[in-house]
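The values are calculated or read from the model by the stated rules, or taken from the named source; none is laboratory data. If you're wondering where the values come from, they're calculated on a predicted model, not measured in any experiment. We place every Cβ from the backbone using ideal geometry, glycine too, and count neighbours over all the protein chains shown. Accessible surface is based on the protein model in full, side chains and every heavy atom, while ligands, DNA and RNA are left aside. Shrake-Rupley method; radii C 1.70, N 1.55, O 1.52, S 1.80 Å.
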Amino acid sequence: MPFSPVTPEKLSAAVVRQIEQLILRGILRPGERLPSERELSDRLDVSRPSLREAIADLSERGLLTSRKGAGVYVADVLGSAFSPALVRLFASHDEAVFDYLSFRRDMEGLAAERAARLASDTDLAVIAAVFAKMEAAHQKRDPSDEAELDAEFHLSIIEASHNVIMLHMMRSMYQLLREGVFYNRQIMFRQKTTRGALLEQHRVIVEALQARDPEGARQAVVDHLTYVESCLADNRKAEAHEAVARQRLEHVGGKG
């Protein structure tokens with residue numbers, strides 16, 4: 001029968017498995033620098049040759065990358081979920097924007113529900129800390145920091161949902177959001193009334209999560225993204241009216 005002796009796992013294989021798990025769970029993020037060789041070998045309690053062997057294996061498989069004189073980093077394994085041609089198509093059609101929001105409403109509602117049930121105390125503390133930063137950024141006139149923290153807030157909920165497929169998929173999609181492919185988040189933060197409403201909606205989400213209320217957390221996310229959709233629809237209508245008004249003025253000016 002095809003049995004063979006059981007041998008102890010090589011230390012380098014155990015290191016590989018641990019780093020793989022950290023990348024898979026999103027704890028080690030693309031572009032993040034690993035601790036120095038000395039520190040990492042001490043923390044893992046393995047020899048430096050075993051650690052080097054593990055890093056070489058992970059680098060060969062495209063999960064880690066070495067930068068000369070700078071150390072070892074998690075490779076950019078995130079990438080984009082879409083081809084460049086499709087990204088350009090998204091950027092030029094409003095239909096993609098509103099379908100994206102509808103998709104987020106479904107996915108993030110589910111993520112919030114899962115987070116309310118499955119998040120650790122540390123996960124909830126991270127979400128609360130990001131919201132506290134949002135409150136501080138809200139006091140500034142420049143909305144750029146608050147807009148950036150908005151994405152971080154939503155990703156922290158997805159991380160707390162403990163679904164690795166959802167995590168990596170949504171991280172890829174949020175990168176497109178940061179690049180303004182779907183819509184420019186800063187536009188939404190320019191009006192004080194909108195900024196105030198958005199901050200309050202995030203507060204409701206945090207409170208539902210901290211209370212470990214799955215249905216309440218899901219509904220709070222759904223209400224928030226429905227509001228975002230409504231604001232964007234209003235912006236599109238205003239832009240269309242302005243464009244028509246400009247055309248009329250140009251037409252009148254041309255006659256004169």
Averaged over every viewing direction, what's the projected area of the C-alpha convex hull for region 69-196? Give it in nm², one decimal, please. 10.0 nm²
Considering only the other residues whose Cβ falls under 14 Å of the Cβ of R212, what net charge follows from Lys and Arg at +1 and Asp and Glu at -1? -3
So who's got an amide H within less than 5 Å of the one on N184, skipping anything under 5 residues away but keeping other chains? H placed 1.01 Å off N, in plane. none
Accessible area of the chain divided out per residue, in Å², using a probe of 1.4 angstrom: 58 Å²
Would you please put 146-154, 13-21 in order of how densely packed they are, using the mean number of other Cβ atoms within 10 angstrom per residue and starting with the highest? 146-154, 13-21
Roll a 1.4 Å probe over the protein heavy atoms and report the accessible area of T193 in Å², nearest 10. 110 Å²
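Summarise the accessible area of the chain (1.4 Å probe, protein heavy atoms) by the percent that is carbon and sulfur.
About 54 percent, which is the carbon plus sulfur part of the accessible surface.
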Would you list which aspartates and glutamates come within 19 Å of K68, measuring only between C-alpha atoms, while excluding same-chain residues fewer than 8 positions from it? E32, E37, E39, E53, D57, E60, D76
With the chain reduced to its Cα atoms and the Debye formula applied, log10 I(q)/I(0) at q = 0.11 1/Å amounts to -0.75
Based on alpha-carbon positions alone, could you give the equivalent ellipsoid semi-axes of region 49-133 from the gyration tensor, as √(5λ), descending, whole Å? 33, 25, 12
Quick one: what are the phi-derived ³J(HN,Hα) couplings along region 20-34, Karplus 6.51/-1.76/1.60 with θ = phi - 60°, whole Hz, x for glycine and proline? 4, 4, 5, 6, 4, 7, x, 6, 8, 9, x, x, 7, 7, 6
Solvent-free Debye scattering, log10 I(q)/I(0), computed from the Cα coordinates of region 5-104 at q = 0.10, 0.16 Å⁻¹: -0.42, -0.74
Candidate lysines - alpha carbon under 24 Å from K192, same-chain residues fewer than 8 apart omitted: K133, K140, K237
If eta is 1.002 mPa s and T is 20 °C, what Stokes-Einstein diffusion coefficient results for region 144-234, Kirkwood Rh from Cα pairs, in µm²/s? 155 µm²/s
